[in-house]
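Asker: I'd like to ask you about the structure that follows.
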Amino acid sequence: MAISGELLIGGQRVRRPETFLAVNPSTGENLQPPFSSANAEDVEKACELAWSAFHSYRELDPEKRAQFLEAVGDQIMALGDELLERGHAESGLPLARLTGERARTVNQLRLFADELRKGGWMGLRIDPALPDRKPLPRSDLRQRKIPLGPVVVFGASNFPLAFSVAGGDTAAALAAGCPVIVKGHSAHPGTSELVGRAVSAAVEACNLPRGVFSLLNGNSRALGQSLVAHRHVRAVGFTGSRVGGTALMKIASERKEPIPVYAEMSSINPVVLLPNALATRAEALGKDFVGSLTLGAGQFCTNPGLVLALDGPDLKRFVESAAAALGQVPPATMLTPGIHAAYEKGVDKLARNDRVTTIARGLDKAGVNCGRGALFTITGSDFVQHDEVAEEVFGASSVVVRCADEAELVRVLEHLEGQLTSTLHLTDEDTAIASRLLPVLERKAGRLIANGWPTGVEVAHAMVHGGPYPSTSDGRSTSVGTLAIERFLRPVCYQDIPDALLPAALRRDAPKRPRRLDGVYVAD
Ligand code: NAP
């Protein structure tokens with residue numbers, strides 16, 4: 001399928017005179033073809049179409065929405081190797097990684113299809129009328145969740161498939177009953193177009209209103225900003241920088257009708273090495289840590305950017321092992337020239353900080369947009385006085401914080417901003433100290449991990465990929481797993497509404513679905 005460079009607005013292909021080119025980060029060369037940049041007219045058209053599609057799409061039988069999500073997955077698989085090859089050219093990510101990411105993308109679409117069929121997402125609650133209750137009767141109260149309306153999804157640079165056009169936010173929004181307008185990431189417009197065409201083909205095959213999906217490519221800040229400001233848009237999903245996320249949060253909150261922005265922004269994912277774990281396996285921990293740190297050139301939001309432990313000979317063994325392992329890691333192509341430049345700047349800033357010591361760097365080899373791993377160290381007392389050391393350096397950079405004692409370790413943890421994850425390495429002998437740290441960590445992060453590494457996020461029902469600000473804009477939500485559907489729904493209560501007017505799922509003769517009946521959970 002030839003990539004055309006056109007926008008996809010409600011299934012229609014649109015070409016614009018203003019264009020931009022993707023860059024192959026491995027070579028620094030431009031990639032063909034030129035891509036149309038969406039303008040104000042395109043924003044208006046996509047939002048109008050999404051709004052008119054919303055009214056029927058939101059009431060579509062969940063089974064039909066499930067079939068649609070499965071059709072999107074099938075269409076993505078039907079793109080074959082072309083999708084992987086274009087993704088590789090635009091991101092520098094290895095083909096094997098993109099093959100895994102495609103499977104994850106398709107599986108999460110299928111997971112949401114299953115979720116739709118189970119019905120729990122509807123949030124049905126029924127408190128039957130109590131006409132004889134004294135002193136006052138109770139009305140008949142019925143609750144369900146309804147979709148918010150059209151959602152704008154910003155494709156992420158670091159997951160061209162799983163967090164982009166048909167990624168987690170899109171799958172969750174479409175499952176919830178919300179049309180989606182994707183603002184494609186300017187780094188991978190060809191990958192976006194291919195996946196966008198797969199979604200459009202599924203819209204057509206399932207006979208859905210065409211405004212259910214649009215893809216607007218472009219590389220101007222105005223494009224994303226006008227989408228977030230548009231009156232028909234009711235929620236935003238974003239993965240990227242803190243600067244970008246907070247700019248969009250501001251626009252959304254200053255609208256006449258403010259809307260939620262679910263922005264995933266920055267996280268350094270602290271890993272705490274507890275004393276007995278360090279004493280018994282310092283060398284293995286050092287080696288495994290470097291594996292997690294340098295995976296995918298460190299370009300994961302869950303990258304372990306901070307390690308904390310009590311200072312001493314065991315930590316020294318960990319550091320020596322990590323330094324030896326990192327010294328063998330070749331530099332890796334980063335996603336974009338901009339991300340590479342930001343990485344170099346962040347590493348340089350840490351290296352020049354007089355409270356910070358450089359422990360090790362990855363192998364040095366000249367390569368376009370290649371990032372070398374970097375490992376630094378600082379004392380706990382300096383860390384809490386130098387906030388710049390806790391800033392995310394997106395890439396394979398991490399800081400080891402040497403704490404004088406347990407009290408300082410707690411002080412350092414308390415000092416941290418909100419995180420996506422926190423990890424503890426421990427043995428049974430570390431249980432007492434771990435139980436004192438856990439209440440701190442659960443206030444700080446959305447996911448707590450024992451004896452593992454934060455990279456690698458399972459797409460599942462119990463997963464939380466979110467956390468307190470600034471890891472995300474709203475720590476009550478997740479962008480991965482079936483709970484993500486909740487971010488695009490809101491509850492409505494129907495009080496004494498006659499059966500004929502009630503939504504089908506709440507009528508007295510409705511097929512039995514999971515619900516809360518007079519406060520008690522009923523499975524079917
Ligand atoms: P980004 O610059 O925030 O861009 C993400 C998306 O938002 C792009 O579509 C971008 O448009 C748009 N955008 C950014 N700022 C905007 C603004 N002020 N107004 C309207 N739209 C805006 O993120 P990135 O390109 O992925 O990477 C840059 C940095 O983000 C990295 O160096 C890293 O620090 C961080 N990052 C963090 C994570 C994480 O999960 N923690 C993931 C990826 C990146 P364009 O396409 O036109 O640029």
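Asker: Quick one: how many residues across the range 167-183 are open to solvent by 10 Å² or more (accessible area, probe 1.4 Å) and either near the ligand (Cβ under 8 Å from one of its atoms) or part of a loop (DSSP other than H, G, I, E, B) (or both)?
Answerer: Residues flagged as open to solvent by 10 Å² or more (accessible area, probe 1.4 Å) and either near the ligand (Cβ under 8 Å from one of its atoms) or part of a loop (DSSP other than H, G, I, E, B) (or both) within the range 167-183 amount to 1.
Asker: Just checking, how many residues over the range 509-522 are open to solvent by 50 Å² or more (accessible area, probe 1.4 Å) and touching a strand residue (DSSP E or B) at 6+ places or on another chain (Cβ under 9 Å)?
Answerer: The total comes to 6.
Asker: Let me ask something else about it. I'd like the full set of residues that are away from the ligand (no atom under 16 Å from the Cβ) and open to solvent by 40 Å² or more (accessible area, probe 1.4 Å), limited to the range 227-282.
Answerer: 231, 234, 256, 257, 258, 260, 275, 276, 279, 280, 281
Asker: Moving on to the next point. Quick one: would you say residue 222 is within 19 Å of residue 241 (Cβ to Cβ), open to solvent by 10 Å² or more (accessible area, probe 1.4 Å) and in a helix (DSSP H, G or I)?
Answerer: Spelling it out, residue 222 is indeed within 19 Å of residue 241 (Cβ to Cβ), open to solvent by 10 Å² or more (accessible area, probe 1.4 Å) and in a helix (DSSP H, G or I).
Asker: Same structure, new question: How many of the residues making up the range 461-498 are outside any loop (DSSP other than H, G, I, E, B) and open to solvent by 50 Å² or more (accessible area, probe 1.4 Å)?
Answerer: 6
Asker: Given (1) exposed (fewer than 15 other Cβ atoms within 10 Å of the Cβ); (2) over 20 Å from residue 265 (Cβ atoms), where does residue 453 come up short, assuming only one miss?
Answerer: Answer for residue 453: the failing condition is (1).
Asker: Name the single residue that is farthest from residue 34 (Cα to Cα) among those in the range 189-198 being more than 17 Å from the chain's Cα centre (by Cα) and open to solvent by less than 10 Å² (accessible area, probe 1.4 Å).
Answerer: Here the answer is 198.
Asker: State yes or no: is residue 375 at pLDDT 95 or above, in contact with an Asp or Glu (Cβ under 8 Å, 6 or more places away or on another chain), within 20 Å of residue 296 (Cα to Cα) and of a type in the set (A, V, I, L, M, F, W, C)?
Answerer: It is false that residue 375 is at pLDDT 95 or above, in contact with an Asp or Glu (Cβ under 8 Å, 6 or more places away or on another chain), within 20 Å of residue 296 (Cα to Cα) and of a type in the set (A, V, I, L, M, F, W, C).
Asker: Has the range 139-146 got any residue that is touching a His at 6+ places or on another chain (Cβ under 9 Å), surrounded by 21 or more Cβ atoms within 10 Å (Cβ to Cβ) and of a type outside the set (Asp, Glu)?
Answerer: No, that holds for no residue.
Asker: Out of the residues in the range 149-166 meeting the condition of being surrounded by 24 or more Cβ atoms within 10 Å (Cβ to Cβ) and under 20 Å from residue 259 (Cα atoms), tell me which one is farthest from the ligand (Cβ to nearest atom).
Answerer: By that ranking, first place goes to 150.
Asker: Hey, residue 57 hits all of (1) under 23 Å from the mean Cα position of the chain (by Cα); (2) more than 25 Å from residue 458 (Cα to Cα) but one; which does it fall short on?
Answerer: That leaves (1) as the condition not met.
Asker: Mind checking which helices (runs of 4 or more DSSP H) fall wholly inside the range 41-144 and carry at least 1 residues that are touching a strand residue (DSSP E or B) at 6+ places or on another chain (Cβ under 8 Å), of a type in the set (D, E, K, R) and at pLDDT 95 or above?
Answerer: In the range 41-144, 81-91 are the helices (runs of 4 or more DSSP H) which contain 1 or more residues that are touching a strand residue (DSSP E or B) at 6+ places or on another chain (Cβ under 8 Å), of a type in the set (D, E, K, R) and at pLDDT 95 or above.
Asker: Report yes if residue 228 is closer than 22 Å to residue 78 by Cα, within 19 Å of the chain's Cα centre (by Cα) and assigned to a helix (DSSP H, G or I), otherwise no.
Answerer: So residue 228 fails the test.
Asker: Listed residues 308, 350; which is more than 30 Å from residue 155 (Cα to Cα) and under 29 Å from the mean Cα position of the chain (by Cα)?
Answerer: The conditions single out 308.
One line per residue, one yes/no per condition, for (1) closer than 22 Å to residue 223 by Cβ; (2) in contact with a Cys (Cβ under 8 Å, 6 or more places away or on another chain); (3) in the same structural domain as residue 152 (by TED's automatic domain parsing):
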| site | (1), (2), (3) |
| --- | --- |
| 29 | no, no, no |
| 32 | yes, no, no |
| 48 | yes, no, yes |
| 56 | no, no, yes |
| 62 | no, no, yes |
| 66 | no, no, yes |
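Asker: Taking the range 136-160 only, how many residues are in contact with a helix residue (DSSP H, G or I) (Cβ under 8 Å, 6 or more places away or on another chain), within 18 Å of residue 482 (Cα to Cα) and of a type in the set (A, V, I, L, M, F, W, C)?
Answerer: 3
Residue-wise test of (1) in a helix (DSSP H, G or I); (2) open to solvent by 60 Å² or more (accessible area, probe 1.4 Å); (3) on the phi > 0 side of the Ramachandran plot.
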{"site": "325", "(1), (2), (3)": "yes, no, no"}
{"site": "335", "(1), (2), (3)": "no, no, no"}
{"site": "367", "(1), (2), (3)": "no, no, no"}
{"site": "377", "(1), (2), (3)": "no, no, no"}
{"site": "381", "(1), (2), (3)": "yes, no, no"}
{"site": "388", "(1), (2), (3)": "yes, yes, no"}
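Asker: Got a number for residues in the range 328-339 being more than 7 Å from the ligand (Cβ to nearest atom) and touching a Ser or Thr at 6+ places or on another chain (Cβ under 8 Å)?
Answerer: 4
Asker: Checking residue 202 against (1) outside the structural domain of residue 336 (by TED's automatic domain parsing); (2) crowded, with 24+ Cβ neighbours inside 10 Å; (3) in contact with a strand residue (DSSP E or B) (Cβ under 6 Å, 6 or more places away or on another chain): exactly one of these is not met. Which one?
Answerer: Status for residue 202: all satisfied but (3).
Rundown of residues vs (1) among the charged types (D, E, K, R); (2) within 14 Å of the ligand (Cβ to nearest atom), yes/no style:
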{"position": "134", "(1), (2)": "yes, no"}
{"position": "139", "(1), (2)": "no, no"}
{"position": "185", "(1), (2)": "no, yes"}
{"position": "210", "(1), (2)": "yes, no"}
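Asker: Separate question: Could you count how many residues in the range 48-72 are more than 28 Å from residue 106 (Cβ to Cβ) and touching a residue at least 12 places away in the same chain (Cβ under 8 Å)?
Answerer: Of the residues in that region, 3 qualify.
Asker: So, one more: Tell me, please, whether a residue that is touching a Gly at 6+ places or on another chain (Cβ under 9 Å), within 24 Å of residue 292 (Cα to Cα) and open to solvent by less than 50 Å² (accessible area, probe 1.4 Å) can be found in the range 429-440.
Answerer: The answer is no; no qualifying residue exists.
Asker: So residue 299 clears everything in (1) in the same structural domain as residue 395 (by TED's automatic domain parsing); (2) farther than 21 Å from residue 413 by Cβ; (3) over 15 Å from the mean Cα position of the chain (by Cα); (4) of a type outside the set (Ser, Thr, Tyr) except one condition, right? Which one?
Answerer: Every listed condition holds for residue 299 apart from (3).
Asker: Another question, then. For the range 81-91, which positions are over 15 Å from residue 185 (Cβ atoms) and open to solvent by 20 Å² or more (accessible area, probe 1.4 Å)?
Answerer: Hits for the range 81-91 are 81, 82, 85, 88.
Asker: Within the range 92-109, can one find any residue that is open to solvent by less than 20 Å² (accessible area, probe 1.4 Å), more than 22 Å from residue 510 (Cβ to Cβ) and small (Gly, Ala, Ser)?
Answerer: Yes: one or more hits.
The values are calculated or read from the model by the stated rules, or taken from the named source; none is laboratory data. Bear in mind that the values here come from a model prediction, so they are computed numbers and not experimental data. Every residue, glycine among them, receives a Cβ derived from its backbone with ideal geometry; neighbour counts consider all protein chains shown. Only protein heavy atoms, including side chains, enter the accessible area calculation; ligands, DNA and RNA are left aside. Shrake-Rupley method; radii C 1.70, N 1.55, O 1.52, S 1.80 Å.
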